[in-house]
Amino acid sequence: MLTAFAPISHDLTLRRWAISASVVVGVILLGVKFLAAYWTGSTAIFSDALESIINVVASLFALYSIQLSAEPPDRTHPYGHGKIEPFSAGFEGALIILAAIAIGWHASPALFAPPPLVQLDLGIALVLTTALINAALALFLIRTGKRTRSLALTADGQHLLTDVYTSVGVVVGLVLAWTTGWLVLDAITAIAVALNILFSGFHLVRQSVSHLMDEADETVLHSIVESLQHVRRPEWIDLHHLRSWRSGIRHHVDFHLTLPRYWNLEQSHAAESAVEEWLVEHLGVQGEVLVHIDPCTSHHCPFCQMPDCPVRAVNYRTTLPWTVESATDETPLFPYVPETPGAFGDSPPRP
């Protein structure tokens with residue numbers, strides 16, 4: 001097994017700075033929105049302000065999760081503390097769902113008895129200003145989250161984008177209520193806001209659950225298989241049981257590699273190290289690569305390119321390319337069984 005410790009101090013500093021900025025800006029914009037709701041009496045603006053409370057709470061939890069996920073593995077957490085980040089994203093999603101319910105509860109009475117609206121020009125200007133600031137912050141958080149591989153940052157940015165859409169919807173509703181005189185549009189806008197962020201909350205929870213359950217990332221698997229296929233050597237006969245998962249900033253990869261059965265332990269270990277070093281360099285992140293070595297059988301002979309093989313039973317015919325489907329198969333090309341004279345048969349290759 002090879003463990004990589006890529007430098008992450010810069011990424012960690014950037015993460016902390018980004019989420020700290022989110023907390024500070026969130027608190028300021030929260031105050032602005034509540035002032036706008038107080039001055040205008042708008043149910044829609046008040047709903048937008050309620051969602052901003054969730055923004056601040058979620059950003060504070062994300063700040064804690066980013067700090068904890070950077071802690072190195074220890075005896076009680078041998079795989080590190082990275083799972084706190086998807087948990088943070090799920091927590092944020094749950095808060096968003098609660099906010100949607102609270103907004104709907106608050107806005108429902110206004111459908112039947114719309115409150116009077118005053119100083120809408122000021123309220124619209126303030127909400128638009130907060131939307132522009134949130135949009136810039138959200139794009140920065142999402143870009144930083146993808147760059148530093150932080151699900152907590154990405155989730156916080158996606159949440160802020162939802163807040164931007166909410167604010168734009170609030171402005172549209174207020175403008176319509178102002179120009180038409182239909183005050184009920186204010187409450188209808190608030191209900192629409194609740195439905196929009198409810199969908200966003202369920203999406204974040206779904207994303208969190210998939211990470212916590214180590215859902216396979218097809219993009220990463222394709223990258224690993226294509227990389228190994230590109231540098232494949234004759235002695236790397238078969239690749240199977242490939243698994244890849246992430247825990248925060250740490251990437252974990254393990255798979256089985258079939259090598260010539262007549263090799264000694266030193267040769268097998270050298271091949272194992274070569275594969276691990278290549279993948280660590282290819283991934284370019286902290287983590288570990290674990291390779292389990294399997295011996296070949298005479299059934300591999302038609303697909304093995306090893307020159308001058310002393311145990312070859314059948315001439316080489318063709319090389320089977322590695323694919324994600326074959327590499328993630330939990331069974332080898334041909335299971336290993338102790339060799340006996342005349343053991344080679346006509347068993348078909350794995351599809």
(request) Express in nm, to one decimal, how much length is gained between residue 223 and residue 112 on full extension, taking 0.36 nm for each residue of separation and deducting their alpha carbon distance. (result) 34.3 nm
(request) Order the following by accessible area, largest value first: 233, 147. Probe radius 1.4 Å; ligands, DNA and RNA are ignored. (result) 147, 233
(request) Could you state the angle between the C-alpha long axis of helix 184-212 and the longest principal axis of the C-alpha atoms of the chain, as a value from 0 to 90 degrees rounded to the nearest 10? (result) 20
(message) Step by step: find N for the chain, compute 2.2 N^0.38 Å, then divide the Cα radius of gyration by it. What's the final number?
(response) 1.38
(request) Using the Karplus curve 6.51 cos²θ - 1.76 cosθ + 1.60 with θ = phi - 60°, work out ³J(HN,Hα) for each residue of region 299-306 in order, rounded to whole Hz, and write x for Gly and Pro. (result) 5, 7, 3, x, 10, 9, 9, 4
(message) I need the chymotrypsin sites (Phe, Trp or Tyr not before Pro) found in region 60-130, filtered to DSSP loop residues with at most 10 other beta carbons within 10 Å of theirs.
(response) 112
(request) Please list 142, 133 in order of solvent-accessible area, largest first, computed with a 1.4 Å probe with all protein chains present. (result) 133, 142
(message) Please compute the volume of the convex hull spanned by the alpha-carbon atoms of region 94-210 and report it per residue in Å³.
(response) 82
(request) Run the numbers on region 142-274 and let me know its relative contact order in percent, using alpha-carbon pairs under 8 Å that are six or more apart. (result) 17
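Taking N as the number of residues in region 150-305, what is its alpha-carbon radius of gyration divided by 2.2 N^0.38 Å?
Here the answer is 1.73, to two decimals.
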(request) Could you tell me how many degrees, from 0 to 90 and to the nearest 10, lie between the Cα long axis of helix 218-230 and the main elongation axis, the longest principal axis, of the Cα atoms of the chain? (result) 30
(message) Can you give me the distance in nm between label points at residue 128 and residue 230, each placed 7 Å from the Cα along the Cα-to-Cβ direction?
(response) 4.9
(request) Starting at the first residue of region 166-177, write each ³J(HN,Hα) from the Karplus equation 6.51 cos²θ - 1.76 cosθ + 1.60 with θ = phi - 60°, in whole Hz, x for Gly and Pro. (result) 4, 5, 4, x, 4, 4, 4, x, 5, 4, 5, 5
(request) Obtain the nm distance between the two label points defined at residue 35 and residue 179 by a simple spin-label model: each point lies 7 Å from its Cα along the Cα-to-C-beta direction. (result) 2.8
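The values are calculated or read from the model by the stated rules, or taken from the named source; none is laboratory data. Predicted model, so just to flag it, every value in this text is computed and none were measured. Reconstructed Cβ throughout: ideal geometry from the backbone, glycine too, with neighbour counts over all protein chains shown. The area values use the complete protein model at the heavy-atom level, side chains included, leaving out ligands, DNA and RNA. Shrake-Rupley method; radii C 1.70, N 1.55, O 1.52, S 1.80 Å.
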